[in-house]
1. With no solvent and one equal point scatterer per Cα, compute the Debye intensity ratio I(q)/I(0) for region 116-215 at 0.19, 0.21 Å⁻¹ and report its log10, rounded to two decimals.
2. What is the Å³ per residue value for the convex hull set by the Cα atoms of region 295-360?
3. Under 5 Å between amide hydrogens, which residues at least 5 positions from G291 or on another chain qualify, with H placed 1.01 Å from N in the peptide plane?
4. Please give the peptides 14-21, 348-355 ranked by average Cβ packing (other Cβ atoms within 10 Å per residue), highest first, as a rough proxy for protection.
5. Shape of region 230-357 from its Cα gyration tensor (a ≥ b ≥ c, root eigenvalues): rounded if a/c is under 1.5, otherwise prolate when a/b > b/c, or oblate?
6. Within the set of other residues whose C-beta is less than 13 Å from the C-beta of I314, count the net charge using Lys and Arg as +1 and Asp and Glu as -1.
7. If I take every Cα pair under 8 Å that is 6 or more residues apart in region 230-357, average their sequence separation and divide by the length, what percent do I get for the relative contact order?
8. Give me the one-decimal nm value for the distance between modelled label points at R289 and S178, 7 Å along each residue's Cα-to-Cβ direction.
Amino acid sequence: MTEFISHVTDFQTFLRSLYRYTNKRLRSLWQQFEASKSLLVTILVAKRGIYTRPFLHTSLFMLIVVGIVVAPIIRNTYEANAESLEEFTAPSAVLSSFDEQDTLTQISEKPRDGVIAYTVVEGDTVSTIAEKFGISTDTIKWANPKLDDDDLTIGQELAIPPVTGMVIKVAKGETIYSIAKKYKTEAQSIVNYPFNNFADLDSFALNAGQMLVVPDGVMPESKPIYSPRLIAQVGVGDQAGSGQFIWPTNGTITQRPVSYHMALDIANNALPGILAPDGGKVILVEYARYGYGHHVIIDHANGYQTLYGHMSEIYVSAGQAVAKGSVIGKMGSTGRSTGTHLHFEIRKGTTLLNPLSFLK
């Protein structure tokens, strides 16, 4: 036991000695460092005027070298951007033909958000005024009940609705569904008009007394402006990115492309499948509550993209390659929708194109 205590005492003595030695060496090294640092600072301060000129010359030389290296990159980038701007087509351009893959565009005016007043000038007739504003003659007559086509007066003011159809004042208790039924149009057409406001975006409730644009609406005693036609299901192929689009689904066309809704609405309560009209790659899958609702975008690798809105089910994922005619989902009524239908768009860059110019 005594021997063990002796060993412990020796070990403690060794540790104390090691501590004193280490502390002494560290203090010595610190003092040497402080002395060296002070000397270095003194030299730099004394010589700073000598090194100013070389420093400035070196900095200027480095700037020149960087400029020489970066200038060609900036020039090439600018030229590329300038070429892309020259080829850019305004979003309001509308495809008017699609023969042999050549695309011609027609610039459309920005859609109006309400009724305007037009002053009749010499030579005007109801038909020429209607043609001027891109609406039907009936639309002008309905907006001006006392109008006589054969007796326009120079200086007479006419109310000109923004689109073909009706502009009405909502009565208490009316809904978009009752209004659509009354004026022989589709509730979805009313929702699609971008300047119509709703008290509730979920139910599309209306406020009594508000003005509402009813696209393609007609007076109850009048005949409909158009009759929806059924779309036959077209056979599918397997050629990717051909630029020839097949119909994406089957059903009834409830709204054709117009300036404020450059898309095709196809309705079918049976909730049919939705096909990829051409081969490509899925670049977006989004499950949204508003707007397009659950929707998919396919890039066809030839400058064209297609969008499929208001889907109830989606069978593909972003990054997935799809063949022409493959089923990508199911028709539904999600987002800004009043009933089961497909909202179908064809895009080229930032331009929305008329799908009816492409579908075969």
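We did not get these values from a lab; they are worked out from the coordinates using the rules stated. Given the structure is predicted, the values throughout are model-derived calculations rather than measurements. Here the Cβ positions follow ideal geometry from the backbone for every residue, glycine too, while neighbour counts run over all protein chains shown.
1. -0.89, -1.01
2. Here the figure is 110 Å³ per residue.
3. For G291, the qualifying residues are R336.
4. 348-355, 14-21
5. Rounded is the answer for region 230-357, as its axis ratio a/c remains below 1.5.
6. Net charge in that neighbourhood comes out at -1.
7. Here the relative contact order equals 28 percent.
8. For R289 paired with S178, the spin-label model returns 2.8 nm.
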